[in-house]
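See below for the structure under consideration.
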Amino acid sequence: MRLSKLFTKTSKTAPADEVSKNAQLLIRAGFIHKEMAGVYSYTPLGLKVLNKITQIVREEMDAIGCQELIMSGLQKKETWDATGRWDDNNVDIWFKSELKDGTKVGFGWSHEEPIIEMVKQYLSSYKDLPVNVYQFQTKFRNETRAKSGIIRGREFVMKDMYSCNASAEANQAFYDATIEAYNRIYDRLGIGEDTYVTFASGGAFTKFSHEFQTVCDAGEDYIYIHRGKNIAVNEEVMDDENLEKLGIKREELEKVKSAEVGNIFNFGTQKSEDTDFTFTDADNKKQFVHLSSYGIGTTRVMGVIAEKFSDEKGLVWPEAVAPAKVYLISIGGEAAIKCADDLYNELGAKGIDVLYDDRDVRPGQKFADFDLIGIPYRVTVSDRMLESENYELVARADGQQLLLTREQLLAKLV
């Protein structure tokens, strides 16, 4: 990608009403555009980051035997009536509307009930189980709080997955496998060291759940973490009974602020009983399906990464999710430009994503934009360095600076 062709531009300022660091930096660097409070669009740079996060999640979901689909965002009232979750007294974050014929519809905030209605059409026997499906879907939630940038939005992208099993044991086994898959995801995203499996309330989903909370000053939750056991308890369910169940003592815990980056719910047969979601077992007897759901807000994760990996100059993307690996700069005349063009083409041919700052602007602006955009490595080609046949390589994370030959540079980057 050539920066001269990118329609977005960096800015020294963010919208005056934007108070969150993640959104301020992402807007200034040209990754997102603010439509209104809690609603953001993703530009080409932002979409590259989001696609890399999505691909990591997809690979880990596929690895545990899940199938990807995509469901409708528009949902029927009747689908939710059976569980009582159309009622605003039970779920108060709906966006609702009506079709021209008066049919009431909602804009999907979750998909448990709709997935049951879909799978019902294909599942009749125990031989049809298990069913494990997931999607990346835009969700709509009428949040009263929308001041955390893309960490808490009214419109956001979420990976939601649903597992259907014949027994409690099979359901629990897949639930546990998903916990391990989620831990791998957060490790690959670069936040695994600060992310804890957290015992929490299930809210509008179930009585209890597990959250994945990342230690983050911009978060909206407080959790009590046990670093040795890599588990935590959400403040809302912090009591002696729950601590005893977890085998931990209050004095062993450290209180920290955190942001939720994932959650999982084991419904057992509760929702199946509400919706008559059944299968026939080996003895030809009718049984209720055991259901669990699993969520990761991919746009929310992007916001948490932006909060945690940034400094006074701008963003510092982990290599796994950065929109490019190399920020290439040319300084000088035709010789430097030609050399940078050649290097751009060569790196691309070797599969290295490059953001090439080929603009006719001052070197200082190019260096400042590298810091703001947060690409992992900066490579500078200049007339002066070409005289000694060297290239400058700078790491965004720690500022390490190296002068390398072309062969050394390629060996370092490829």
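The values are calculated or read from the model by the stated rules, or taken from the named source; none is laboratory data. This one's a predicted model, so the numbers in the text were calculated from it and none came from an experiment. Cβ placement follows ideal geometry from the backbone for every residue including glycine, while neighbour counts extend to all protein chains displayed.
Considering Lys139, Lys127, Lys159, which residue is in contact with a helix residue (DSSP H, G or I) (Cβ under 8 Å, 6 or more places away or on another chain), of a type in the set (Lys, Arg) and modelled with pLDDT of 95 or more? The match here is Lys159. Total residues in the stretch 314-365 satisfying the condition of being farther than 30 Å from Asp187 by Cα and of a type in the set (Gly, Ala, Ser): the figure is 7.
The residues on offer are Thr8, Thr43, Thr13, and the sole one that is in contact with a Pro (Cβ under 8 Å, 6 or more places away or on another chain) and not small (Gly, Ala, Ser) is Thr8.
Among the residues of the stretch 282-323, just one is surrounded by fewer than 24 Cβ atoms within 10 Å (Cβ to Cβ), of a type in the set (A, V, I, L, M) and in contact with a strand residue (DSSP E or B) (Cβ under 8 Å, 6 or more places away or on another chain), namely Val316. Considering the conditions (1) under 26 Å from Glu112 (Cα atoms); (2) touching a strand residue (DSSP E or B) at 6+ places or on another chain (Cβ under 6 Å); (3) at pLDDT 90 or above, Thr275 is excluded by exactly one of them, (2).
Sub-6 Å Cβ pairs linking a first residue in the stretch 231-255 that is among the polar types (S, T, N, Q) to a second residue that is part of a strand (DSSP E or B) and crowded, with 18+ Cβ neighbours inside 10 Å, at least 6 apart or interchain, are Asn234/Thr198; Asn234/Ala200; Asn234/Ile223, ordered by first then second residue. If the condition is being modelled with pLDDT under 90 and in a strand (DSSP E or B), then the stretch 226-268 contributes only Ile231.
For Thr138, are the conditions met, namely being part of a helix (DSSP H, G or I) and in contact with a Phe, Trp or Tyr (Cβ under 8 Å, 6 or more places away or on another chain)?
no
For the structure I just gave you, tell me whether Asp371 is acidic (Asp, Glu), buried (at least 17 other Cβ atoms within 10 Å of the Cβ) and out of contact with any Ser or Thr (no Cβ under 8 Å at 6 or more places or on another chain). Here the answer is yes, as Asp371 does meet what is asked. Comparison of Phe140, Phe156 shows that the only residue that is under 26 Å from the mean Cα position of the chain (by Cα) and surrounded by fewer than 21 Cβ atoms within 10 Å (Cβ to Cβ) is Phe140. Restricting the stretch 324-346 to residues that are among the aliphatic types (A, V, I, L, M), touching a Leu at 6+ places or on another chain (Cβ under 7 Å) and buried (at least 19 other Cβ atoms within 10 Å of the Cβ) leaves a set whose member that is nearest to Glu387 (Cα to Cα) is Ala336.
Contact map, the stretch 124-141: first residue more than 11 Å from Leu69 (Cβ to Cβ), second residue acidic (Asp, Glu) and part of a loop (DSSP other than H, G, I, E, B), Cβ cut-off under 9 Å, separation 6 or more or different chains; pairs are Ser125/Asp281; Tyr126/Asp281.
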